[in-house]
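The values are calculated or read from the model by the stated rules, or taken from the named source; none is laboratory data. Fair warning: this is a prediction, and the values are worked out from it, not measured in the lab. Note: ideal-geometry Cβ built from the backbone for every residue, glycine included; neighbour counts use all protein chains shown. For the accessible areas, the whole protein counts, side chains as well, though only heavy atoms, and no ligand, DNA or RNA atoms are used. Shrake-Rupley method; radii C 1.70, N 1.55, O 1.52, S 1.80 Å.
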Amino acid sequence: MPTFDLAALVFFALCWLFYEPLLKTLSRGRSLNTDMTVIRGAWMGQMARREVRLMDANLLGHALNSASFFASSNLLLIAAAAGALFGGQQTFASVSSLEVIQTSTRLLFEGQLALVIVVLARGLLDFIWSIRQMNYSLAIMGATPEGESVDPGLAAAFGAAASRTLNPALSSFNAGVRGYYFALAAAAWLFGPLAFVTATVGAVALLVWRQRRSPAATAIADLRRAIDGQSGQA
């Protein structure tokens, strides 16, 4: 493998595998994802106190359907990339004939496709684990007792348990969605190592901006401060 391609691959691997520690360092523990854990905790606390939980079930069902959709899409993309990977010399010859594609050898081409598959496969596993954990959350929600005679401490315990399963479930969902960004960056390797590095930097910068500076992140951060302030007064 050419030296520049190898250096670009190492750089990508560091960004992909250590994105979360990097985000925590840059945001000092405060980001869209961490703020959402507080909001979901408040949601599950309200859920445990509600007598009718139809809205909560519908919201969680929507998240479950979204995770299932992304998992199915991931599987299709993996199958397409794997088909190209195992297409043999004919696929390599067809791709190499394109002027915009920069792949010097068949081994490098197969490595480029294999990287895309690995990134997508990790995302697929994240979506699968997210679906499993959301099903656990639904079971806890269904088991939460109803009525005015329920012990508040027991209701709070159910709400806390639901929050402790829902938060990692949606964190896994976020990791799966993040995989699409890095899969696109990995696909940019087909256009050369410079495009690969540029796409990787762009993906990380876009993800960090959306976590820290986007309008959604700002609004959710303001809401978390309001929740924290109300909790402190209580």
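A few notes on this one:
- Correct choice for log10 I(q)/I(0) by the Debye sum over Cα atoms at q = 0.12, 0.18 Å⁻¹ that was computed from the model, options (i) -0.71, -1.45; (ii) -0.65, -1.61; (iii) -0.77, -1.30: (iii)
- Karplus-based coupling profile of the range 76-84, in residue order and whole Hz: 5, 5, 4, 4, 5, 5, 5, x, 5, with θ = phi - 60° in 6.51 cos²θ - 1.76 cosθ + 1.60 and x standing for Gly or Pro.
- In the full protein context, the range 147-234 carries 51 Å² of accessible surface per residue, based on a 1.4 Å probe and ignoring ligands, DNA and RNA.
- For the chain, the longest principal axis of the Cα atoms and the long axis of helix 106-143 meet at an angle of about 10 degrees.
- Charge context of L60, other residues only, Cβ under 12 angstrom, K/R +1, D/E -1: +1
- Evaluating 6.51 cos²θ - 1.76 cosθ + 1.60 at θ = phi - 60° for every residue in the range 18-25, the Karplus couplings come out as 10, 4, 4, x, 5, 5, 4, 5 Hz, glycine and proline recorded as x.
- With every protein chain in place, the range 160-234: carbon and sulfur % of accessible area (1.4 Å): 65 percent
- J(HN,Hα) series, the range 205-221, from Karplus relation 6.51 cos²θ - 1.76 cosθ + 1.60, nearest Hz, glycine and proline x: 4, 5, 5, 5, 4, 5, 7, 10, 10, 5, x, 5, 4, 5, 5, 5, 5
- Distance (nanometres) between label positions extended 7 Å along Cα→Cβ at L194 and L107: 2.5 nm
- Sites K24 and T3, calculated FRET efficiency, Cβ-Cβ separation with R0 45 Å, nearest 0.05: 0.90
- Solvent accessible area, Å² - Y181, 1.4 Å probe, full protein context: 60 Å²
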